[in-house]
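Scroll down for the structure; my scribbles are underneath it.
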Amino acid sequence: MKFGIRVYALAAIWLGLVGLAWDDFALVWQPVPAGIPGRMILAYAVGALLALGGAALLWQRTVTLGAATLTMLYALGVLLLHVPKVIAHPFSFSPYSGVAEQLALVAGGLIAFASTAKIDAAFAARLALAGRLAFGVCAVWFGLVHFHYPVDTASYIPKWIPPNQLFWAYATGAAHIAAGLAILSGVLSRLAAYLLTAMFLVFQALIHAPLLMATPTSHFSWVMNGMNLALVGAAWIVADSLGDRGWGAVKSPR
């Protein structure tokens, strides 16, 4: 089994265990209103499903079930939690970011399902293509977020990295957009997806891991690390699914 699926699975387990440990959802990525009945029970259920789905994804006999579980779980997050915010505030930039972050994980799970399920090869290829296109759109949006909120983005970048924080806010935004367009067009798409994966790994090492070490009791820090790790896995799955010359799907993750 390729590393992309393994990382994606471990991130789901991470997020699930964080939810169980804090008796809560993953904050802004699962913005469940505080007043709904049975909110804590629902948080436990989502945390357990994330952890179990990730565990299933690591075992060859249940890999397809794990991929389907995580895909549907992340998709429900998009439809029930983020799309209503977009509908309520269609001209606001922020709600679309929540959709993009969750949809990128849906895309990774969909491709993992397409590459492992015993389904018609043509249908699997269409599912994988839909996942790659969705992920490409999300990558472009991530880049636009950097340009729309350059100061906020720059604040996460370590000050010791030359030349300055704002430069890297724009540079990484441009890299997101370039990778997304490459994935959407099929031009150098595999290389772009692997480079995007590498950039997310750099984010993990330079931004998220130090944040967690500085504030080890913070729910937000654990969620930030888990979500970035999930994006690493999703981007890696996209890269592994691409052929050497563009959109050709790799059927098996083994």
Just to be sure I understand the filter: pairs with C-beta atoms under 7 Å, separated by 6 or more residues or on different chains, first member in region 199-225 and on the phi < 0 side of the Ramachandran plot, second member of a type in the set (Asp, Glu). Which pairs pass? HIS219/ASP24
Going through region 25-44 in order, the residues found to be out of contact with any Gly (no Cβ under 9 Å at 6 or more places or on another chain) and surrounded by 13 or more Cβ atoms within 10 Å (Cβ to Cβ) are LEU27, VAL32, ARG39, LEU42
Whichever residue in region 166-198 is touching a Lys or Arg at 6+ places or on another chain (Cβ under 9 Å) and not aliphatic (A, V, I, L, M) and, among such residues, is nearest to TYR149 (Cα to Cα): SER189
Are there helices (runs of 4 or more DSSP H) fully within region 98-200 with at least 2 residues that are at pLDDT 95 or above and either touching a Cys at 6+ places or on another chain (Cβ under 6 Å) or within 20 Å of TYR8 (Cβ to Cβ) (or both)? List them. 121-148, 165-185
Return yes when TYR149 is closer than 24 Å to PRO95 by Cα and without any contact (Cβ under 8 Å) to a residue 60 or more places away in the chain and no when it is not. yes
Scan region 63-103 residue by residue and report those that are of a type in the set (S, T, N, Q), without any contact (Cβ under 8 Å) to a residue 24 or more places away in the chain and crowded, with 17+ Cβ neighbours inside 10 Å. THR69
Verdict on ALA43 being assigned to a helix (DSSP H, G or I), touching an Asp or Glu at 6+ places or on another chain (Cβ under 7 Å) and over 22 Å from VAL145 (Cβ atoms): yes
Could you give me the residue pairs with C-beta distances under 7 Å whose first residue belongs to region 30-48 and is more than 20 Å from VAL83 (Cβ to Cβ), whose second residue is of a type in the set (Gly, Ala, Ser) and crowded, with 16+ Cβ neighbours inside 10 Å wherever it lies, and which are 6+ apart or on separate chains? ALA43/GLY19; GLY47/GLY16; GLY47/GLY19; ALA48/GLY16
Of (1) under 20 Å from the mean Cα position of the chain (by Cα); (2) touching a residue at least 24 places away in the same chain (Cβ under 8 Å), GLN60 satisfies every one except (1)
Hey, does region 23-33 have a residue that's among the small types (Gly, Ala, Ser) and in a loop (DSSP other than H, G, I, E, B)? yes
When the residues of region 207-254 are narrowed to those that are in contact with a Gly (Cβ under 9 Å, 6 or more places away or on another chain) and charged (D, E, K, R), which ends up modelled with the lowest pLDDT? ARG245
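The values are calculated or read from the model by the stated rules, or taken from the named source; none is laboratory data. Predicted model only: the values in this text are computed from it and were never measured. FYI the Cβ positions are ideal-geometry reconstructions off the backbone, even for glycines, and counts take in every protein chain you see.
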